[in-house]
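Student: Take a look at this one; I'll ask things after.
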Amino acid sequence: MTAMESAPHHPVVLIDEIQVQPGGVVSKVVARADTGSLTLFAFDGGEGLDEHSTPSTAMVLVLEGTLRIRLGGEDHTVAQGEMLALPPGKPHAVRAPEPAKMLLVLFKAP
């Protein structure tokens, strides 16, 4: 796959592309390429992702609500419109104290 072949070729409103599900976490890949991907996540309040790490650099952009991200043992509150970088190999976890949506941008090493 070449440069974001799967990306939509028309304007989209990202927060409308995914909906919060009661008691759940929902994800939707918006675009994927050999060099990375764009994935939307929707979290109900109290939900999240357990601690994990990835071999790639990632960026979290909060689209709606607020997220609490634990990154390498340090807690960060990331609000709507804010972004946080997740370095490769660094453990991180995500919690949504309220319903929230985020875009995860994953950069794969060539």
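Student: Answer with one residue from Gln19, Leu61, Pro87: the one whose Cα lies farthest towards the positive end of the charge dipole of the chain, charges on Cβ with Lys, Arg +1 and Asp, Glu -1.
Tutor: Pro87
Student: Using the alpha-carbon centroid of each, what span in Å lies between segment 7-35 and segment 41-57?
Tutor: If we compute the Cα centre of each part, the gap is 15 Å.
Student: Return Met83, Met59 ranked ascending by Cβ neighbour count within 10 Å, so the fewest neighbours appear first.
Tutor: In increasing order of surrounding Cβ atoms, one gets Met83, Met59.
Student: I need Val13, Val30, Val94 ordered by Cβ neighbour count within 10 Å, fewest first. Provide the component values of the computation, followed by the final result.
Tutor: Working: Val13 7, Val30 19, Val94 25.
In increasing order of surrounding Cβ atoms, one gets Val13, Val30, Val94.
Student: Can I ask one more? Could you put Glu47, Glu98, Glu64, Glu74 in order, starting from the residue whose Cβ has the fewest other Cβ atoms within 10 Å?
Tutor: On the way: Glu47 21, Glu98 13, Glu64 18, Glu74 8.
Fewest-to-most Cβ neighbours within 10 Å comes out as Glu74, Glu98, Glu64, Glu47.
Student: Quote the relative contact order of the chain in percent (integer), defining contacts as alpha-carbon pairs under 8 Å separated by 6+ residues.
Tutor: After rounding, I find 31 percent.
Student: Take the Cα gyration tensor of the chain, multiply each eigenvalue by 5, square-root it, and list the three semi-axes largest first, rounded to whole angstrom.
Tutor: On the way: eigenvalues 94, 69, 23 Å².
For the chain, the ellipsoid semi-axes come out as 22, 19, 11 Å.
Student: Give me the net charge for the shell around Arg95: Cβ to Cβ below 9 angstrom, other residues only, Lys and Arg +1, Asp and Glu -1.
Tutor: +1
Student: Non-local amide H neighbours of Gly36 (under 5 Å, H modeled in plane, Pro and chain starts lacking H): which ones?
Tutor: Lys108
Bear in mind these aren't lab numbers, they're just calculated from the coordinates by the rules spelled out. The model shown is predicted, which means the values in this text are computed figures rather than measured ones. For neighbour counting, all protein chains shown are included, and Cβ atoms are generated from backbone atoms with ideal geometry for every residue, glycine included.
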